[in-house]
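Laboratory data are not the source of any read-out in this text; all were calculated from the coordinates shown. These numbers were taken from a predicted model, which means no experiment stands behind them. A quick note on method: Cβ atoms are made from the backbone with ideal geometry, for glycine too, and the neighbour counts reach across all protein chains shown.
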C-alpha cells in the first residue's frame, strides 16, 4: 500500500523520539513543515488504514518486573483453528504467528511477574493438550524494527537511530506509573493535547504525565515512543525467523556480530530443545519476498561460517494475534 509524502516523512522520522511536550503534534508538525491538524489527521488515518499497528510507547515487560518469553507448539492441522482460539484467548499472549515448521505455532507471552510465565504455559498445555516448548531469552543482542520508506514507496529495515533509543537511568515505578502504563500501552490519544487527556483519565496533571513518561523512557522501561508501522501492510510481507545451531563457545561473539546487521530486527540466544530443536541463535529478518529473506540469511550463514552446524528459516504464513504487550497494571 502506498503512502503520501507527509505520511512517509512522518513514519520515517517518528518511529521513536515523538516529542514529550504539552502539544506534541504541534511540535512534530513544525519539524515536518505541516500543520498540527494535518498531522493529527495523518496519524489517525494511518491507524485507521492499518498502516500503523499502534502509536505511543513501547514498554519493556522485563524492566517493569514482569515475565517475557517466546513459546511454540506443534499443532495437528485438524486442530489448528481451535488451538489458535484457545491460545489467543489468553491476555498474556501478545503476538501469535503460524510458521512453516513442525513447531507451527509461535507466540510471545508477557506476564505480570516472571513466575507467571510458567503458570501460564502450564495452563496453555492443559487447555490445548499439547506440549509447550519454552524459549526464554538468554541474551539479547539487538531489538528494534525501524523502517525507512523511500520516495518510490520501497521499504527497508535500518538501525534504530541513537536519538530515539531509551536510556538506562535507574527508576522504580509506582502506582501512578502503573496507571499511566495501563491507559497508554495500547497507544496515545490522537488529539491536540494527548497528555492532558491521559492526565484527565488518571486524575493528575499533564506535567506529571510528561515527567513520568520521560523517566520511564530514560530508564529503558519505555524502549521508544512513536509510530509502530505495520511492516506487512507496508510491503515487507516475507517474515523469516532464522534459527542457527551455533557453537556454544562462539555464540556470544557471533550473536553480537549478527545483531549489528541492518537486515536483522531481533537477535537473541535462546535454549535448544533436543532432539526437536537444535538451534540456539535466533535472528528475525524481513523482506518483500522470500527470496530476499533467503539472500539475507546467506549473509548470516557466511558470517557464522564453520561455527554453524545447521540452520532453518521459519517463514510466517499467518498472523494469528498481534495486539502488542498488555501488561497488568
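Ranking request for peptides 92-101, 225-234, 129-138: highest mean number of other beta-carbon atoms within 10 Å first, then the rest in descending order. Before the final figure, lay out each step's value.
Working: 92-101: 19.1, 225-234: 21.5, 129-138: 15.6.
Taking the mean over residues of other Cβ atoms within 10 Å, the ranking is 225-234, 92-101, 129-138.
Only one of the values (1) 18; (2) 15; (3) 34 was calculated from this structure for percent of Cα pairs over 37 Å apart; name its label.
Matching the structure shown: (1).
On full extension of the chain, what length is gained from residue 80 through residue 134, given 0.36 nm per residue of separation minus the C-alpha to C-alpha distance?
Full extension of this stretch gives 17.5 nm more.
How fast does the range 1-97 diffuse by Stokes-Einstein, in µm²/s, taking the Kirkwood radius from C-alpha pairs at 25 °C and 0.890 mPa s?
D, rounded to a whole number, is 147 µm²/s.
Provide 111, 242, 119 in ascending order of the number of other Cβ atoms located within 10 Å of each residue's Cβ, fewest first.
In order of increasing Cβ crowding within 10 Å: 119, 111, 242.
Rounded, prolate or oblate for the range 140-214? Axes are the square roots of the Cα gyration tensor eigenvalues, ordered a ≥ b ≥ c, and the cut-off for rounded is a/c under 1.5. Could you put the intermediate results ahead of the total?
Numbers: a/c = 2.90, a/b = 1.62, b/c = 1.79.
Oblate, since a/c reaches 1.5 and b/c is not below a/b.
Mind pulling up the Rg/Rh value for the range 113-239? Radius of gyration and Kirkwood radius, both on Cα. Please report the intermediate quantities before stating the final value.
Details: Rg = 18.7 Å, Rh = 18.1 Å.
Expressed as Rg/Rh, it is 1.04.
Any idea what angle helix 115-128 forms with the longest principal axis of the chain, computed on alpha-carbon atoms, 0 to 90 degrees, nearest 10?
60
Each label point is 7 Å from the Cα along the Cα-to-Cβ direction; what then is the distance between the points at residue 319 and residue 274, in nm?
The answer from the label model is 3.8 nm.
Helix-derived [θ] at 222 nm for the chain: sum -39500 (n - 2.57) over DSSP H runs of at least 4, divide by residue count, nearest 500? Please report the intermediate quantities before stating the final value.
Values: 10 runs with 110 residues, N = 329.
Result for the chain, helices only: -10000 deg cm²/dmol.
When the Kirkwood radius is taken over all Cα pairs of the range 185-227, what Stokes-Einstein diffusion coefficient follows at 37 °C and 0.692 mPa s, in µm²/s?
Here the translational diffusion coefficient equals 301 µm²/s.
Multiply the residue gap between residue 41 and residue 158 by 0.36 nm, knock off their C-alpha separation, and tell me the result in nm, one decimal place.
Taking residue 41 through residue 158 to full extension adds about 39.5 nm, to one decimal.
Out of 303, 58, 103, any idea which swings most in a Gaussian network model of the chain, alpha carbons joined below 10 Å?
Checking each option, the largest mean-square fluctuation is seen for 303.
Pop the C-beta distance of residue 118 and residue 205 into the FRET formula with R0 = 25 Å and round what comes out to the nearest 0.05. Don't skip to the end; give the middle numbers.
Values: r = 40 Å, r/R0 = 1.61.
Once the sixth-power term is evaluated, E becomes 0.05.
If you count, for each residue, the other Cβ atoms within 10 Å and average over each peptide, how do 292-301, 73-82, 171-180 line up from highest to lowest?
Going from most to least packed, we get 292-301, 171-180, 73-82.
Nearest 10 degrees is fine. How inclined is helix 36-48 to the longest principal axis of the chain, computing both from alpha carbons?
Computed tilt is about 30 degrees.
Compute the separation of the alpha-carbon centres of the range 26-104 and the range 191-219 and state it in Å as a whole number.
When both Cα centres are located, 23 Å separates them.
With labels modelled as points extended 7 Å from the Cα through the Cβ direction, what inter-label distance (nm, one decimal) is found for residue 6 paired with residue 182?
Distance between the two pseudo-spin positions: 3.6 nm.
Can you give the angle from 0 to 90° between the axis of helix 290-304 and the longest principal axis of the chain, with both taken from C-alpha atoms, to the nearest 10?
Roughly 70 degrees, rounded to the nearest 10.
By what distance, in whole Å, do the Cα atoms of the range 149-307 stretch along each of the three principal axes, largest value first?
58, 41, 30
I want to check the label-to-label distance for residue 89 and residue 192. Put each point 7 Å from Cα in the C-beta direction and report it in nm to one decimal.
For the pair residue 89/residue 192, the computed spacing is 4.6 nm.
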